[in-house]
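Worksheet for the structure shown next.
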Amino acid sequence: MINIKALLISVSSMIFLGLTFELVFLFIDIGYNILMKSYPMTKVVRQPFYYLLIFSGLFFVMFTGGYLISVYAKKYVIAHSVVAAVIVCGIALYATSSAYNFTLLSALFVVIGIAFTLYGNIAYKKNNKEEHVEITN
């Protein structure tokens with residue numbers, strides 16, 4: 001049985017965190033463009049810096065969503081996580097794609113998003129086991 005409450009909490013938190021990260025990324029991008037005007041040699045590291053920043057932001061957003069899914073959904077946690085990750089990645093790709101093409105990079109985005117969400121589940125299970133052991137001892 002699908003837990004709608006867990007999906008709504010997870011999807012809404014991932015959307016909120018994703019939009020917040022997008023705002024932070026916009027400010028960093030503006031600052032970096034100003035830096036590139038003063039120091040043109042920093043233009044070389046722009047693309048790897050952006051990929052690293054986006055990768056870390058995607059990890060934070062999807063990991064948090066997977067962790068929240070594990071908190072609220074007691075059964076079928078992996079299925080809930082995959083559904084939530086696909087919903088959020090689908091919304092993100094739909095909002096940013098003007099040509100509606102599913103490219104290799106967008107497929108990688110979905111796969112990495114699902115993996116980070118599942119890693120949030122693993123972290124919750126690991127933390128929950130450690131807390132359970134401490135309580136029983």
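The values are calculated or read from the model by the stated rules, or taken from the named source; none is laboratory data. Here the structure is a predicted model, which is why all the values come from computation and not from measurement. FYI the Cβ positions are ideal-geometry reconstructions off the backbone, even for glycines, and counts take in every protein chain you see. Just so you know, the surface numbers come from the protein's heavy atoms only, side chains and all, with ligands and any DNA or RNA stripped out. Shrake-Rupley method; radii C 1.70, N 1.55, O 1.52, S 1.80 Å.
Observations
Conditions (1) over 25 Å from LEU23 (Cα atoms); (2) modelled with pLDDT of 85 or more, marked per residue:
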residue: PRO40; (1), (2): no, yes
residue: PHE49; (1), (2): no, yes
residue: GLY66; (1), (2): no, yes
residue: VAL77; (1), (2): yes, yes
residue: ALA84; (1), (2): no, yes
residue: ILE91; (1), (2): no, yes
residue: SER97; (1), (2): no, no
residue: SER106; (1), (2): no, yes
residue: VAL133; (1), (2): yes, no
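Yes/no per residue for (1) hydrophobic (A, V, I, L, M, F, W, C); (2) in contact with an Asp or Glu (Cβ under 9 Å, 6 or more places away or on another chain); (3) open to solvent by 70 Å² or more (accessible area, probe 1.4 Å):
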{"position": "ILE2", "(1), (2), (3)": "yes, no, yes"}
{"position": "ILE9", "(1), (2), (3)": "yes, no, no"}
{"position": "LEU26", "(1), (2), (3)": "yes, no, yes"}
{"position": "PHE49", "(1), (2), (3)": "yes, no, yes"}
{"position": "PHE55", "(1), (2), (3)": "yes, no, yes"}
{"position": "PHE63", "(1), (2), (3)": "yes, no, no"}
{"position": "TYR76", "(1), (2), (3)": "no, no, yes"}
{"position": "VAL82", "(1), (2), (3)": "yes, no, no"}
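- Test for VAL111: is it within 16 Å of the chain's Cα centre (by Cα) and surrounded by 15 or more Cβ atoms within 10 Å (Cβ to Cβ): no
- When the test is whether a residue is out of contact with any strand residue (DSSP E or B) (no Cβ under 6 Å at 6 or more places or on another chain), open to solvent by 40 Å² or more (accessible area, probe 1.4 Å) and either part of a loop (DSSP other than H, G, I, E, B) or among the β-branched types (Val, Ile, Thr) (or both), ILE34 passes it.
- Listed conditions (1) assigned to a helix (DSSP H, G or I); (2) in contact (Cβ under 8 Å) with a residue 24 or more places away in the chain are all met by LYS43, apart from (2).
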